[in-house]
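Derivation of every value follows stated rules applied to the coordinates shown; laboratory data play no part. These numbers were taken from a predicted model, which means no experiment stands behind them. Cβ placement follows ideal geometry from the backbone for every residue including glycine, while neighbour counts extend to all protein chains displayed.
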Ligand SMILES: Nc1ncnc2c1ncn2[C@@H]1O[C@H](COP(=O)(O)OP(=O)(O)OP(=O)(O)O)[C@@H](O)[C@H]1O
Ligand SMILES: [Mg+2]
């Protein structure tokens, strides 16, 4: 860690019936760190993000964001504090245009509650959304329904929607999943450049080890709900247990 912790997770545990999806997770993340989470399918990566962002409730443990306890808060309250996320499967309104999706994200961010499916299109908001479309390089798709744009554009839109509100701490759940290998670096370059401008702390879940090595300075490896290894990328990726349980069983 390089600065004061923005996130401090202690003894975080989540049980789903017989499955222990998170087991005594201890992790601290410093301001402006770029952290990559790796782990085999079912290791508990999404569960960890769901717990921190309020989409799942822990069985035990504590999650502090800048000293404030997040356990018990609703997702929208956590978002309002500046802890934002994107989803493994983009959560976009497929029949609506790319711009309207962003307008809705702005509406949610401004009011803190679902404003209905009709975006509130004030001129300022449209201008702000067009700015985001440029930052994420998807302005060419402005008026296309989200259902028909390429998967890379949909992923970028989902991430842009997650950052419509000023995010201090941003979780990206598999930002490059479903994107062709040759497009992954371009998508990550756009995302990381956009987030660097905002000085956000970024935690991203990723299966592609080439992406992890390029963008994640710190790597946290999950296995069966536990943290198997946590540290600089080279050390974690070289760890024999990580090779056995994570990178050796990479998803096809
Ligand atoms: N809502 C739920 N109800 C029951 N079990 C769940 C639920 N969500 C997750 N699990 C279980 O918890 C474990 C961790 O799942 P999780 O989705 O966090 O894995 P993951 O590391 O994100 O995997 P993937 O790489 O496939 O996305 C799995 O065994 C999963 O089946
Ligand atoms: Mg997942």
- Task: Sort through 13, 53, 47 and tell me the only one that's touching a strand residue (DSSP E or B) at 6+ places or on another chain (Cβ under 7 Å) and surrounded by fewer than 20 Cβ atoms within 10 Å (Cβ to Cβ).
- Result: 13
- Item | Some residue of segment 28-45 being farther than 30 Å from residue 131 by Cα and more than 15 Å from ligand 1 (Cβ to nearest atom) | yes
- Task: Grab the strands (runs of 3 or more DSSP E) fully contained in segment 1-110, keeping just those with 3 or more residues being closer than 17 Å to residue 170 by Cα and under 14 Å from the mean Cα position of the chain (by Cα).
- Result: 34-39, 83-86
